[in-house]
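What follows is a set of notes on a single structure, which appears directly below.
The values are calculated or read from the model by the stated rules, or taken from the named source; none is laboratory data. Model, not experiment: these values are computed from the prediction. Glycine gets a Cβ as well: all are built from the backbone with ideal geometry, and neighbour counts include every protein chain shown.
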């Protein structure tokens with residue numbers, strides 16, 4: 001490939017600096033999301049411990065309804081954790097599908113001799129690691145930190161059931177409604193958690209299939225972005 005003229009080269013260098021800043025900001029956003037997810041996990045652990053620890057006092061005050069209101073907090077925490085997962089997944093998809101191919105295409109046009117290596121290749125390396133369908137299914141169902149709010153909700157409902165049964169307590173209609181609501185939300189939360197994990201892994205599998213066909217330099221120059229049909233399926 002012929003060397004670009006000075007004006008075009010300066011445009012490419014400016015675009016490269018723009019992508020560098022973009023990559024840095026988005027990586028910081030990923031770290032922020034991971035940190036927020038970690039804080040939500042810590043909050044879940046503290047909250048479930050506090051809820052179970054106060055159970056005897058709640059029972060003595062005949063205020064078991066608190067154990068049915070407490071799980072609503074964990075639904076909010078879980079939603080925030082799943083939102084963080086989706087955000088990280090979207091950024092990673094953008095890196096692999098758009099930003100990294102474009103950066104490498106620019107470097108090729110500038111005549112950078114990378115000996116067929118991929119700049120910013122760590123994201124590509126992770127995306128192209130082989131994974132079997134069985135592993136995909138197991139990872140989707142394996143309990144992870146994102147299941148902590150769900151387990152906390154289940155623990156509080158079980159604590160309510162044990163305390164109410166031990167005291168021969170007959171729940172009023174309002175508490176029965178809350179029990180049913182919590183059970184429905186519990187099932188919904190488990191489904192959402194599984195679907196989010198499965199969706200992230202399926203997207204990673206699509207990107208893995210795209211990059212397994214990439215021939216480093218040649219494909220960067222001829223096709224700096226992955227085929228549109230592959231990314232939208």
I need a count of the residues in the stretch 78-103 that are modelled with pLDDT of 85 or more and over 12 Å from the mean Cα position of the chain (by Cα).
8
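Determine whether residue 116 is modelled with pLDDT under 70 and within 25 Å of residue 12 (Cβ to Cβ).
Working: modelled with pLDDT under 70: yes; within 25 Å of residue 12 (Cβ to Cβ): yes.
Against the criterion (modelled with pLDDT under 70 and within 25 Å of residue 12 (Cβ to Cβ)), residue 116 qualifies.
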Are any residues in the stretch 169-201 surrounded by fewer than 13 Cβ atoms within 10 Å (Cβ to Cβ) and at pLDDT below 80, and if so, which ones?
195
